[in-house]
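The values are calculated or read from the model by the stated rules, or taken from the named source; none is laboratory data. All of these numbers come straight from a predicted model, not from anything done at the bench. FYI the Cβ positions are ideal-geometry reconstructions off the backbone, even for glycines, and counts take in every protein chain you see.
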């Protein structure tokens, strides 16, 4: 089976991830959004839309962050169209990634367990 990162769509999503990370670092002036990182980019609705999973360690205001990023999505889409010579790019939808906290909880549980040897 081919490596998904080497297919055309895989390269497209990797480029979107890289460019969005640069745009978020360069263009966001809101200090509440400082330190947000993109954890993954995945296609939804048959490739018509891209779900951008983001996370910020220790953030309690995830809804505010997502609302603000989705408000800025049109700016990001415009900048992506300028940077990428594609006829059509998928729409952007930002979502909060809870998997990091879930993994931290699993690690914490495993560390608290006592194993008999």
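Of all residues in region 3-21, those that are in a loop (DSSP other than H, G, I, E, B) and either surrounded by 11 or more Cβ atoms within 10 Å (Cβ to Cβ) or touching a residue at least 60 places away in the same chain (Cβ under 8 Å) (or both) total 1. Within region 81-100, the set of residues being more than 15 Å from residue 48 (Cβ to Cβ) and out of contact with any helix residue (DSSP H, G or I) (no Cβ under 6 Å at 6 or more places or on another chain) comprises 81, 82, 84, 85, 95, 97, 98, 99, 100.
Is region 25-38 home to any residue that is touching a residue at least 60 places away in the same chain (Cβ under 8 Å), touching a helix residue (DSSP H, G or I) at 6+ places or on another chain (Cβ under 7 Å) and more than 16 Å from residue 100 (Cβ to Cβ)? Checking region 25-38: not a single residue is touching a residue at least 60 places away in the same chain (Cβ under 8 Å), touching a helix residue (DSSP H, G or I) at 6+ places or on another chain (Cβ under 7 Å) and more than 16 Å from residue 100 (Cβ to Cβ). Among the residues of region 56-96, those identified as over 20 Å from residue 29 (Cβ atoms), touching a strand residue (DSSP E or B) at 6+ places or on another chain (Cβ under 7 Å) and at pLDDT 90 or above are 91, 93, 95, 96. So is residue 24 over 10 Å from the mean Cα position of the chain (by Cα), modelled with pLDDT of 90 or more, surrounded by 16 or more Cβ atoms within 10 Å (Cβ to Cβ) and not in a loop (DSSP other than H, G, I, E, B) or not? Criteria met by residue 24.
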